[in-house]
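Beneath this line is the structure, given in structure tokens, with notes to follow.
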Amino acid sequence: MLPSADLPIPMRALLAGSRRKQSALLELIQQLVRRESPSGEKAAVDACVALASAHAKALGGRVKVHRSAAADGFGDLLEARFGPKNKAAKPTLLLGHLDTVWPLGTLETMPCRVGEGRMWGPGALDMKAGVAMAFTAIEMLTEAGVLNREIVLLLNSDEEVGSPVSRPTTERLAAECAAVFVLEPAQGLAYKPPAREPATGGST
Ligand SMILES: [Zn+2]
């Protein structure tokens with residue numbers, strides 16, 4: 001039997017768990033950043049998608065890769081589902097992207113590094129850190145035994161150019177879900193405010 005939807009969340013245990021995962025989280029962000037993935041470089045973006053796909057599978061995710069046409073020039077779209085299907089509760093969608101605005105070779109002038117309480121590297125902020133945080137949150141909820149509905153993680157590869165190919169899939173999956181959280185970075189300690197239409201476009 002699935003846990004009830006109003007199961008109390010053990011916040012102290014989750015906080016302790018998050019602290020234990022900090023170094024692994026930083027490592028995952030760096031792995032993603034070192035796989036450069038500018039929107040128009042399909043092979044490069046697909047390599048980053050493959051890395052994220054392998055990580056999703058390692059966490060027990062049910063992975064589906066939506067192949068984009070080579071003619072489109074954009075990378076594939078990664079859909080990964082976690083947790084139990086719950087007939088009483090629609091899934092939650094976590095939305096992100098793996099493409100960046102930084103051309104191939106940026107790592108040579110902007111190496112990925114950590115220091116002074118910060119991390120540098122192309123796409124670290126927008127939004128490979130957000131992608132790694134989504135994976136870590138899913139892992140924490142799974143380990144704490146409080147994942148009582150399905151989570152759909154959808155990572156596209158064309159967000160920085162307005163999501164021309166991925167938009168229909170995003171809209172279809174969002175319509176099946178109870179809530180959508182977009183894991184883009186915000187300014188300061190705040191959620192990024194919800195966008196008006198178009199929901200997935202923009203270059204930030
Ligand atoms: Zn972004």
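The values are calculated or read from the model by the stated rules, or taken from the named source; none is laboratory data. Because the structure is a prediction, the values reported are computed rather than measured. So basically every Cβ, Gly included, is an ideal-geometry build from the backbone, and we count neighbours across all protein chains shown. SASA here: full protein model, heavy atoms, side chains in, ligands and nucleic acids out. Shrake-Rupley method; radii C 1.70, N 1.55, O 1.52, S 1.80 Å.
Figure the gain on full extension for residue 47 and residue 67 (residue separation times 0.36 nm, minus the Cα-Cα span) and round it to one decimal in nm.
Length gained, residue 47 through residue 67: 5.9 nm.
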- Using the heavy atoms of the protein chains alone and a 1.4 angstrom probe, what is the accessible area of the stretch 1-115 per residue in square angstrom? 56 Å²
- May I ask for the angle, rounded to the nearest 10°, between helix 22-34 and the longest principal axis of the chain, with both axes built from Cα atoms and the value confined to 0 to 90°? 30 degrees
- Message: With N set to the number of residues, divide the alpha-carbon radius of gyration of the stretch 1-135 by 2.2 N^0.38 Å and report two decimals.
- Response: 1.19
- Task: Taking the chain as the reference, fit the longest principal axis to its C-alpha atoms, fit the long axis of helix 11-20 to the helix C-alpha atoms, and give the angle between the two in degrees, 0 to 90, nearest 10.
- Result: 40 degrees
- Note on the structure: Non-local residues with an amide H under 5 Å from the amide H of residue 97, with H modelled 1.01 Å from N and Pro and chain starts lacking one, are 156
- Cut-off 9 Å between beta-carbons: net charge of the residues surrounding residue 104, Lys and Arg +1, Asp and Glu -1: -2
- Note on the structure: So the angle from the long Cα axis of helix 42-58 to the longest Cα principal axis of the chain, reported in degrees to the nearest 10, equals 20 degrees
- the stretch 9-87: projected area of the alpha-carbon convex hull, averaged over directions, in nm²: 7.0 nm²
- Note on the structure: A 1.4 Å probe over the protein heavy atoms gives the chain a carbon and sulfur accessible-area percentage of 59 percent
- With a sphere of radius 14 Å drawn around the Cβ of residue 85, what net charge do the other residues whose Cβ falls strictly inside it have (Lys, Arg +1; Asp, Glu -1)? +3
- Query: Working out 0.36 nm times the residue gap between residue 58 and residue 21, then minus their Cα-Cα distance, what length gain in nm do you get to one decimal?
  - Reply: 11.8 nm
- Query: Using helices alone, what [θ] at 222 nm do you get for the chain, with -39,500 (n - 2.57) per DSSP H run of 4 or more residues, divided over all residues and rounded to the nearest 500?
  - Reply: -10500 deg cm²/dmol
- Cα centroid separation - the stretch 1-77 against the stretch 152-171, whole Å: 15 Å
